[in-house]
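Notes to accompany the following structure.
The values are calculated or read from the model by the stated rules, or taken from the named source; none is laboratory data. Note that the structure is predicted; figures quoted are calculated from it, not measured. Cβ: placed from backbone, ideal geometry, glycine included. Neighbour counts: every protein chain shown. All accessible areas refer to the heavy atoms of the entire protein, side chains included, with ligands and DNA or RNA removed. Shrake-Rupley method; radii C 1.70, N 1.55, O 1.52, S 1.80 Å.
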Amino acid sequence: MSMTPEFDVDGALSRLGGDQRLLCRLLDRSREDLEGALARPLDLAPGSVMAAALHRLRGGALGLGASGAVRELELAESALQQHDADEVHLHLRCALESVRRYRDRMSRPGDPDPRLNS
């Protein structure tokens with residue numbers, strides 16, 4: 001079984017016209033949004049603010065090539081439908097960590113991929 005990579009840097013940069021700085025700013029915003037979702041009280045009702053936030057966060061992560069975060073946010077949405085607050089928070093935290101790893105990769109000096117150091 002083949003695993004989807006956690007990050008699709010090439011796809012994200014293609015969608016953003018190759019603008020690495022923009023990708024970094026959007027990843028920072030995604031991190032802030034995930035932190036905000038974790039800080040907010042959890043409403044397990046269908047159609048709740050949390051349900052809308054998870055859907056929006058997943059769409060944003062998809063556009064940024066944050067495949068790992070997308071997977072975690074899909075699991076968070078599923079947990080929300082099952083009314084499992086602990087699982088929702090677990091998957092939100094995992095999505096946040098994935099976005100942090102992605103952002104760290106984009107700014108890591110000495111990365112062998114020259115696009116990541118421009």
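Just a few scattered comments:
Rundown of residues vs (1) under 13 Å from the mean Cα position of the chain (by Cα); (2) of a type in the set (Gly, Ala, Ser); (3) in a helix (DSSP H, G or I), yes/no style:
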| site | (1), (2), (3) |
| --- | --- |
| 4 | no, no, no |
| 11 | no, yes, yes |
| 14 | no, yes, yes |
| 21 | no, no, yes |
| 44 | no, no, no |
| 62 | yes, no, yes |
| 65 | yes, yes, no |
| 69 | yes, yes, yes |
| 86 | no, no, yes |
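Here is a yes/no grid of residues against (1) in contact with a helix residue (DSSP H, G or I) (Cβ under 7 Å, 6 or more places away or on another chain); (2) not aliphatic (A, V, I, L, M):
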site	(1), (2)
59	no, yes
65	yes, yes
69	yes, no
80	yes, no
92	yes, no
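- Hits in segment 36-58 (condition: loosely packed, with under 15 Cβ neighbours inside 10 Å, within 18 Å of residue 98 (Cα to Cα) and in contact with a Leu (Cβ under 9 Å, 6 or more places away or on another chain)): 38, 55
- Residue under evaluation residue 3, criteria (1) hydrophobic (A, V, I, L, M, F, W, C); (2) open to solvent by less than 40 Å² (accessible area, probe 1.4 Å); (3) at pLDDT below 95, criterion not met: (2)
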